[in-house]
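All remarks here apply to the structure that follows.
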Amino acid sequence: MGVIQASADDYTQQLTQLLPTGPAWPREGDSPSARVLPAVANGLADLHKRLNQLIEEADARTTSELLEDFERVVGLPDPCLDPPASTAERRRRVVQRLTYQGGQSIAFFVGLLEVLGYPGATVKEYRPFRANSKCNAPLNQGGWRFGWTVNVPASGNVRVMTCTGRCNDPLRTWGNPGLECLLAVHKPAHTRLLVGYGV
């Protein structure tokens, strides 16, 4: 959409051209109309600038003043993600939400993990053992029909208990709560999701 620029001088000329003709409406000199029109033109030029700015504000990629409204409409800030560090990052998240299409395939989740900074992630699905299963197939129970694992090639914030730890500290902890939260939001509702780190 093109932006048309107009200055106060442009509006003064336009207003002058719109004046009726005749000696009661002098267009030059120190007449009242010649003194009033530039003041009116300044207001119209300011309004014109704000209207041009509204075109920028209507686009999530360039908005500033309406960014908070865009975030509210698309459900940001996301409780799964760390707060954005800059206005550009806030805009990027809004645009992602507006253009997000979703999916339930393995390819979708691998692509989502890649966008989140986990290239090389894999997805493994499970099947319950049946009479026609291979001899070396695992003896998964029926609930595994809806189970799947996302294997993330990252350490997952592994923390190991040390000799200075408290006696009730776990021997080892790991995980990425933000990643697990996002996957839980996007996974099919009837499935059981497991996340493996460093695989």
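Every number in this text was worked out from the coordinates using simple rules, so none of it is lab data. Predicted model only: the values in this text are computed from it and were never measured. Neighbour counts run over all protein chains shown; Cβ positions are idealised from the backbone, glycine included.
Quick notes on this structure:
- Scanning the stretch 31-49 turns up one or more residues that are out of contact with any Cys (no Cβ under 7 Å at 6 or more places or on another chain), surrounded by 12 or more Cβ atoms within 10 Å (Cβ to Cβ) and in contact (Cβ under 8 Å) with a residue 40 or more places away in the chain.
- Counted residues, the stretch 165-183 - those being surrounded by 10 or more Cβ atoms within 10 Å (Cβ to Cβ) and touching a residue at least 12 places away in the same chain (Cβ under 8 Å): 10
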